[in-house]
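Chemist: Following this message is one structure expressed as structure tokens.
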Amino acid sequence: MAAGAARRMEDLKARIREADRAYYVLDNPILSDAEYDRLMRELLALEEEHPALATPDSPTRRVSGEPAEKFAKVAHREPMLSLANVVSDEELDEFDARVHRLLDLPPDGAVEYVCEPKLDGLAVELVYVGGELVEGSTRGDGSVGEDVSANLRTVGGLGANAGVLPRLRGASPARLEVRGEVLLQKEHFEAMNRLLARQGEPLFANPRNAAAGSLRQLDRRVTAARPLSFIAYEALGPGAPTWATHSAKLAALAALGFATNPENRICAGIAAVKRWKDEMADRRFSLPYDTDGLVVKVNDLDLQRRLGAASKFPRWAVAFKYPPQEETTRVERIWASVGRTGVLTPVAEVTPVRLGGATVSRATLHNEDELRRKDVRIGDMVLIRRAGEVIPEVVKSIPERRTGAEREFAFPDRCPECGARVVREEGEKVYRCTGAACPAQLVGRLTHFAQRRALDVDGLGEAVAAALVANGHVKDFADLYALPAATWEEMEIAETKAGSTVKLGVPRARRIREALERSRTAVLRRLLFALGIPQVGEATAATLARHFGSLPRFLGATEEELLGVRDVGPETAREIRAWVEEPQNRHVMRKLAEAGVDPAPEEAPRGGAFAGKTVVLTGGLTGLSRDDAKAAIERRGGKVSGSVSRKTDLVVEGQDAGSKAAKARELGVRIVGEEEFLRMLAEPGA
Ligand code: IVH
């Protein structure tokens, strides 16, 4: 039994040491913090169970991170300790109870704490003698750190606040040791990795490693080029002032010119700490830097002194750690998921792990470039991360943990959902499926088809499109025209995201069917845009429609003919041909023709009486319905508004018009009757 435990303990120690080296010396982690904490906890438990087997060199008794050989060593006058972790309300209560017990305080008296975000950077010490910075060092193993003075001098602060000061502002005590965290803000981290990627350099896994890697450079110019920040949270030294509280000390640090964290809070009692911790659980994601927890410190410095420290941790502080947002796990499979816009996203299916309080079995790889850059292979151990509500992502692969059985993922050239060709458009990062009837994209395609700027099927929005696809009523655009009235009316539509549904009902169904009816003869450019052909946006659709004039001529155009169209380049010509030739798309076009979709010949270019004008309709028109009048104005580039204001260009006055016409007269807006309106609609160029 003991022999088994001893073996396991040796194994754990070896793995922890290897991970420490990767993390502290190489700035390139091979374990997630969570996995590391688990190994540590297991080792601690074994040492408690078998005290005779515990060795003094155990990582549970030493602060990890021996100083690297490349830097001169600096002994810290006072050791730089680590913090004990707690992960639950119960453990916070235990910490508070221990503080009360050790101080002999009545259990119901609240102890005041300062809560500080646990900054995910690296701890450093700055030594000021007579107000001048004489030395700066990393924590190292807690007793001895690395001399990074020259590099530290290049470190900035937070926002408008100063960072590492070469000289203290105001008072200058004989010797002052200022401690705090050097970190890299999230946006700078991302910018830096983008730059490294462009230079073909290996990327950093997270801002902490990036900050550590940037600070621990032999060439301080490299450090200077990285926008690091220093936030101060501790001051000590033989001649240092004797503050009464930690919060007074923080205020003094700010007065000396240092950036302190504006998120620090004083909490009266552990209940207030727990409330603040819960509030920060989400808010922390909107902070400009990474934080994985809250450091809870006894505020009264006299009480801190009485509590003292154990070998590795102070007894007056503890770190609350939020559920891990980062984990190591294995990639079991990689596949391309087809989104609503037809974009293929590589997704890693991973061995399920707990992440941020939920079980995660998938993580996105974003796109092919990212996948290649991170060199993620099937079978790889990877670091995955989730920040707040966003979907988990693969941060990096861990090539150090490969066995040789890993395989690279080949991006498919056919859509996994429908088999249509997959294209990567020029200047785009993503691959897109070109199938017009691809089920995965159908909802997105239907809403695009129906949007105002396309075929303007009023009432057919995302909720209706989703219901049509879910019920299997619609497999492509053409099916919309074949759906019987009763099917529309009875259709159940999701009313809210929560899942309650309502029937579409008669009026809404009628509105959609009437709009569909009108869309059959909409102008060609609207249909060409509505089809969602790669590279064919609104402007290109209009050019193509003007050039070819009719749908059959467009569909029959050769690549050369397409190249003859103004603004159509080789890429677009190729894409259009490939789209038209795709069997799935040919089928849809045939069905649309059978459904009576017959686009009107292209209208003359805009610029008539309605282009860019805001029009208000009031009173009843005899010659056409209000919807038709509205559509006619919009087709001519105008906008129809419900109320008259100074911005109104024109009011169309029908029968029994009321207050709107009166208001228009008052404001001096031009008013026309129905006859005049019809004449304007018929005007050439309108
Ligand atoms: S106080 C003895 N305050 O956490 C007190 N540390 O696990 C220890 N850290 O090495 C330092 N944010 O790198 C303190 N607001 C904060 C902190 C913080 C992050 C890090 C620091 C330290 C480690 C201890």
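Any read-out appearing in this document is the output of simple, stated calculations on the displayed coordinates, not a laboratory observation. All values derive from a computational prediction rather than experimental measurement. Here Cβ is always computed from backbone atoms with ideal geometry, including for glycine, and neighbour counts include all displayed protein chains.
Chemist: Give, as a single signed number, the net charge of other residues whose beta carbon lies under 9 Å from the beta carbon of Val114, with Lys and Arg counted +1 and Asp and Glu -1. Let's see the in-between values first.
Modeler: On the way: positive: Arg265, Lys297; negative: Glu112, Glu116.
Overall, the nearby charge balance is 0.
Chemist: If you take every DSSP beta bridge whose two residues both sit in the stretch 362-436, what share of them, in percent to the nearest 5, is antiparallel?
Modeler: Details: 9 of 10 bridges.
If I count the DSSP bridges inside the stretch 362-436, around 90 percent turn out antiparallel.
Chemist: Starting at 0 and stepping by 10 Å, how many percent of the alpha carbon pairs of the stretch 49-193 end up in each bin?
Modeler: 9, 27, 31, 24, 8, 0
Chemist: Could you let me know the centre-to-centre spacing of the stretch 436-456 and the stretch 168-220, using Cα atoms, in angstrom?
Modeler: If you average the Cα positions of each part, the centres end up 47 Å apart.
Chemist: Any idea what the dipole of the stretch 391-523 comes to, in debye rounded to 20, about its Cα centre with Lys/Arg Cβ at +1 and Asp/Glu Cβ at -1?
Modeler: Here the size comes out at about 120 debye.
Chemist: Provide the descending list of Cα extents for the chain along its principal axes, expressed in whole angstroms.
Modeler: Sorted from largest, the Cα extents of the chain read 95, 68, 50 Å.
Chemist: Something else now. Considering the options Asn209, Trp335, Gly564, tell which one lies farthest towards the positive end of the dipole of the chain, charges being +1 on Lys and Arg and -1 on Asp and Glu at the Cβ, about the Cα centre.
Modeler: Selected residue: Gly564.
Chemist: Using the Cα centre of the stretch 517-623 as the reference point, and only Cβ charges (+1 on K/R, -1 on D/E), how large is the resulting charge dipole? Debye, rounded to the nearest 20. Kindly include the intermediate steps, with their values, before the conclusion.
Modeler: Details: 14 positive and 14 negative charges, 77 e Å.
For the stretch 517-623, the charge dipole is close to 380 debye.
Chemist: Compute the signed sum of charges (Lys and Arg +1, Asp and Glu -1) over the other residues within less than 14 Å, Cβ to Cβ, of Val469.
Modeler: On the way: positive: Arg340, Arg445, Lys475; negative: Glu417, Glu462, Asp476, Asp479, Glu492.
Local charge sum for Val469: -2.
Chemist: Express in % the proportion of alpha carbon pairs of the stretch 552-686 at distances exceeding 18 Å. Before the final figure, lay out each step's value.
Modeler: Values: 5908 of 9045 pairs.
The answer is 65 percent, as a whole percent.
Chemist: Another question, if that's okay. Taking the convex hull of the Cα atoms, report for the stretch 212-338 its projected area averaged over all directions, in nm².
Modeler: Numbers: hull surface 54.7 nm².
Reported value for the Cα convex hull: 13.7 nm².
Chemist: Rg and Dmax of the stretch 179-232 over Cα atoms: what are they, in angstrom?
Modeler: 10.8, 35
Chemist: How big is the charge dipole of the chain about its Cα centre, in debye rounded to the nearest 20, if each Lys and Arg gets +1 on its Cβ and each Asp and Glu gets -1 on its Cβ?
Modeler: Working: 99 positive and 102 negative charges, 218 e Å.
Result for the chain is approximately 1040 debye, rounded to the nearest 20.
Chemist: If the rule is a partner Cβ under 4.7 Å, which cysteines in the chain fail it?
Modeler: Cys115, Cys267
Chemist: I would also like to ask the following. Can you divide the C-alpha Rg of the stretch 1-118 by 2.2 N^0.38 Å and report the result to two decimal places? Spell out each step's value before the answer.
Modeler: Values: Rg = 17.7 Å, N = 118, 2.2 N^0.38 = 13.5 Å.
For the stretch 1-118, the normalised Cα radius of gyration is 1.31.
Chemist: Mean separation of Cα pairs under 8 Å and 6+ residues apart, divided by the residue count of the stretch 262-397: what relative contact order is that in percent? Present the calculation step by step, with values, prior to reporting the outcome.
Modeler: Working: 217 pairs, mean separation 24.8, N = 136.
Relative contact order of the stretch 262-397: 18 percent.
Chemist: If one computes the Cα centroid of the stretch 334-367 and of the stretch 79-139, what distance in Å separates the two points?
Modeler: The distance from the Cα centre of the stretch 334-367 to that of the stretch 79-139 comes to 38 Å.
Chemist: Once every Cα of the stretch 401-556 carries one equal point scatterer and solvent is ignored, give the base-10 log of I(q)/I(0) from the Debye formula at q = 0.08 Å⁻¹, two decimals.
Modeler: -0.30
Chemist: Of the cross-linked pairs Lys639/Lys663; Lys639/Lys660; Lys374/Lys429; Lys475/Lys639; Lys186/Lys396; Lys312/Lys374, which ones have a Cα-Cα span greater than 27 Å in the structure shown? Please list the in-between numbers first.
Modeler: Working: Lys639/Lys663 19 Å; Lys639/Lys660 17 Å; Lys374/Lys429 15 Å; Lys475/Lys639 33 Å; Lys186/Lys396 17 Å; Lys312/Lys374 36 Å.
As for pairs spanning more than 27 Å Cα to Cα, those are Lys475/Lys639; Lys312/Lys374.
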